[in-house]
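Enquirer: Okay, handing you the structure first.
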Amino acid sequence: MLIDLPEDILLDVIHYLEVRDVITLRKTCRALHTFGGNDYVWHTLIAAFPLPIDVPFNTRPTALPGDELQRHAIKAIRLDANWRRLKTRVCGMRALLSDKSGQYVDQMQFLPGGKWLWTAQRTLKREASYTRMSLWSLDDVEKARRVWSTEVSGIYRSCTVVQSGEDDFATLVVGVCDQREVIEMHSISLQDSAPNLQYGFCPNYPIYPPPAPVKSKQLQVVPHPRAPHLRPIIHEIATYGTMLIVTIFALDTGGGAGSLQILFVNPETGATKWVDPSFAQAFSFLWVRVWGDYLFLVGQVSEDFVVRVYAMPRPFAGTPSRTGTPPASPSAVPMPDDSDEDDYAYSNLGPVVAQFAGPTPMAVPRHHIPQVSPASTTPTLSAIMFYHSSSPHSAQLLHFAFDFSSETVTLKNMASKDFPISNESSPQLAQVGALGLRAVWLEHNWETQLNRVMKLAYDPATGAVKVGMLLPPDPELPFSPNMCHSLAFDEVTGRLCLGMYDGNVYLLDFV
């Protein structure tokens, strides 16, 4: 019998089984139930598990016990099965915000794991624009609450939320336009349980707690002294340790063509260093991602979707390496026309370490902006492109996974999949996960003037892409997709948050 085999033989057998097999095996007898809950068994299974699991932030699966890994794996399997159903079932719905003032949420973003949500609302007071930013705790959905909120003058441009490794605080970095381009930094405590109980909790209308004692800083983005006619407009903000990497659209106030540029900011000293414009010049659209000690420039070059990798420069003295073994990189190397004494010298990114491009050219280049996955802790990147100017209408899913060492970056795998979309519709508000397994978007039908929420499921093993309707135009829910103005999506948990034009915000779970 199986239970009579030596344990080392049983461990060898485990290598040929999948998670579902071991769960079934544990139901047969007490001995196998005990053996199947072994930590080593589950560490082995999870290493080959094809689905992402919802482990605590910055925690390796091998640090968790076997029983906990089994719970996470079962949850991931149930989510995957529900997501791939023809009619995906909404397992939980929560009205997160009901703002009767009519100020709807313009932008929202999940922190990794879907346990925290950042929202931004634009408000108008005495003919001046303000942005109200809030952080929500969603660890217990039934007691979801706003744990931090502030209001800043101006209209937001972009935002990134950096969570600490200890999971006890987050740094909110937001770009705001208030007649000038400004970067604001707020350090926010995530240990909200005890401090916020004193403010109470209202199930239907969560209240604004008094401002928590947070560390805040404001930095102004000014044009490069050599190009004062180029007005900087913040596009995106990334981080490398304590350094900020800001993608800028430089608007030529003299009537010339604008350009994409990259700016390094040291928030401790307020020092800035512009990257030589030639490094971003080739890109029609540009995103910046950081993994390890490498800078990834992502976007469209000519007809291709390109990922170009550079060693992270050290533009400021004392810029630390995140891995401890930084690759050889330039440190604000002057360009040919610069002198060492020139404080305004452009920063040189140095030679390209690696470059990767999608396997096929973009169907309609320069006409459709790709939707790129948000920054993630794992070196994976996905993009989804909708070609509604082509006939028939089509879309493309791209996924890159990287390996990197102190010497170079290599492509672990790359996948590309084309799929059709409706000719009578246009996609909006697309969100794709970094793993490329799931994506959502709002689809507007021009004939019926109705919206519906669409879903995508990608199977890396077979290369199959399955596209279907997640929410119909008339769901049995207290809202209609026609009211949707903004959304946030977490690929791992499958959690979806929808912001409505009437000021309401709804949180949906599918497992």
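Enquirer: Could you grab me the full set of residues in segment 381-415 that are touching a Ser or Thr at 6+ places or on another chain (Cβ under 8 Å) and either in a loop (DSSP other than H, G, I, E, B) or within 28 Å of residue 446 (Cβ to Cβ) (or both)?
Expert: From segment 381-415, those touching a Ser or Thr at 6+ places or on another chain (Cβ under 8 Å) are 381-383, 386-388, 393, 396-404, 406; that's our starting set.
Within segment 381-415, 382, 383, 386, 387, 388, 393, 396, 397, 398, 406 qualify.
Enquirer: If you scan segment 268-287, which residues turn out to be touching a residue at least 40 places away in the same chain (Cβ under 8 Å) and either closer than 21 Å to residue 345 by Cβ or among the acidic types (Asp, Glu) (or both)? Show your work before the answer.
Expert: Filtering segment 268-287 for residues touching a residue at least 40 places away in the same chain (Cβ under 8 Å) gives 269-277, 279, 284-287.
Those that are touching a residue at least 40 places away in the same chain (Cβ under 8 Å) and either closer than 21 Å to residue 345 by Cβ or among the acidic types (Asp, Glu) (or both): 269, 270, 271, 272, 273, 274, 275, 276, 277, 279.
Each row is one residue, and each column tells you yes or no for (1) buried (at least 17 other Cβ atoms within 10 Å of the Cβ); (2) in contact with a strand residue (DSSP E or B) (Cβ under 7 Å, 6 or more places away or on another chain).
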| residue | (1), (2) |
| --- | --- |
| 397 | yes, yes |
| 402 | yes, yes |
| 423 | no, no |
| 428 | no, yes |
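Enquirer: Related question: State whether one or more residues within segment 445-465 are modelled with pLDDT of 90 or more, surrounded by fewer than 16 Cβ atoms within 10 Å (Cβ to Cβ) and among the charged types (D, E, K, R).
Expert: Yes, some residue in segment 445-465 is modelled with pLDDT of 90 or more, surrounded by fewer than 16 Cβ atoms within 10 Å (Cβ to Cβ) and among the charged types (D, E, K, R).
Enquirer: Now for a separate question. For the subset of segment 470-508 comprising residues that are at negative phi and touching a helix residue (DSSP H, G or I) at 6+ places or on another chain (Cβ under 7 Å), which member is surrounded by the most Cβ atoms within 10 Å (Cβ to Cβ)?
Expert: Start the filter on segment 470-508 by keeping residues that are at negative phi, which leaves 470-493, 495-502, 504-508.
Retained after the next criterion (residues that are touching a helix residue (DSSP H, G or I) at 6+ places or on another chain (Cβ under 7 Å)): 471, 473, 500-502, 507.
Details: 471: 24, 473: 16, 500: 22, 501: 13, 502: 13, 507: 21.
The extreme case among them is 471.
Enquirer: Name the residue that is modelled with the highest pLDDT, counting only residues in segment 129-170 that are under 18 Å from residue 187 (Cβ atoms) and of a type in the set (Asp, Glu).
Expert: Among those that are under 18 Å from residue 187 (Cβ atoms) and of a type in the set (Asp, Glu), it is 151.
Enquirer: Kindly list the number of the only condition in (1) more than 27 Å from residue 137 (Cα to Cα); (2) touching a residue at least 40 places away in the same chain (Cβ under 8 Å); (3) charged (D, E, K, R) that fails for residue 18.
Expert: So residue 18 meets the others, but not (2).
Enquirer: Sticking with this one: Suppose we keep only residues that are in contact with a Phe, Trp or Tyr (Cβ under 8 Å, 6 or more places away or on another chain), assigned to a loop (DSSP other than H, G, I, E, B) and in contact (Cβ under 8 Å) with a residue 40 or more places away in the chain within segment 455-511. Which one would you say is nearest to residue 160 (Cα to Cα)?
Expert: Filtering segment 455-511 for residues that are in contact with a Phe, Trp or Tyr (Cβ under 8 Å, 6 or more places away or on another chain), assigned to a loop (DSSP other than H, G, I, E, B) and in contact (Cβ under 8 Å) with a residue 40 or more places away in the chain, the one nearest to residue 160 (Cα to Cα) comes out as 494.
Enquirer: Being closer than 21 Å to residue 171 by Cα and crowded, with 19+ Cβ neighbours inside 10 Å narrows it down to one residue among 240, 310; which is it?
Expert: The match here is 240.
Enquirer: Another question about this same structure. Criterion first (of a type in the set (Gly, Ala, Ser) and either modelled with pLDDT under 85 or touching a helix residue (DSSP H, G or I) at 6+ places or on another chain (Cβ under 9 Å) (or both)) does residue 200 satisfy it? Lay out the reasoning, then the answer.
Expert: On the way: of a type in the set (Gly, Ala, Ser): yes; either modelled with pLDDT under 85 or touching a helix residue (DSSP H, G or I) at 6+ places or on another chain (Cβ under 9 Å) (or both): yes.
Yes: the conditions hold for residue 200.
Enquirer: Out of all the residues in segment 104-127, which are among the β-branched types (Val, Ile, Thr) and at pLDDT 85 or above? Can you show your working first?
Expert: Of segment 104-127, the ones among the β-branched types (Val, Ile, Thr) are 105, 119, 123.
Matches in segment 104-127: 105, 119.
Enquirer: In addition: Restricting to segment 336-356, and then to whatever is of a type in the set (S, T, N, Q) and farther than 16 Å from residue 313 by Cβ, can you tell me which residue is modelled with the highest pLDDT?
Expert: Of the residues in segment 336-356, the ones of a type in the set (S, T, N, Q) are 339, 347-348, 355.
From what is left, the residues that are farther than 16 Å from residue 313 by Cβ are 339, 355.
On the way: 339: 46, 355: 95.
Here the answer is 355.
Enquirer: Further question: Do we have any residue at all in segment 407-422 that's among the aliphatic types (A, V, I, L, M), closer than 24 Å to residue 495 by Cα and at pLDDT below 90?
Expert: Residues of segment 407-422 among the aliphatic types (A, V, I, L, M): 409, 411, 414-415, 421.
Retained after the next criterion (residues that are closer than 24 Å to residue 495 by Cα): 421.
Adding the requirement that they be at pLDDT below 90 leaves 421.
Checking segment 407-422: at least one residue is among the aliphatic types (A, V, I, L, M), closer than 24 Å to residue 495 by Cα and at pLDDT below 90.
Enquirer: Of everything in segment 30-46 that's hydrophobic (A, V, I, L, M, F, W, C) and modelled with pLDDT of 90 or more, which residue is nearest to residue 5 (Cα to Cα)? Walk me through how you get there before you give the answer.
Expert: Let us first name the residues in segment 30-46 that are hydrophobic (A, V, I, L, M, F, W, C), namely 31-32, 35, 41-42, 45-46.
Narrowing the set further to residues that are modelled with pLDDT of 90 or more leaves 41-42, 45-46.
On the way: 41: 16, 42: 19, 45: 20, 46: 24 Å.
Taking the candidates together, the pick is 41.
The values are calculated or read from the model by the stated rules, or taken from the named source; none is laboratory data. From a predicted model like this one, the values you see are computed outputs, not experimental measurements. Here Cβ is always computed from backbone atoms with ideal geometry, including for glycine, and neighbour counts include all displayed protein chains.
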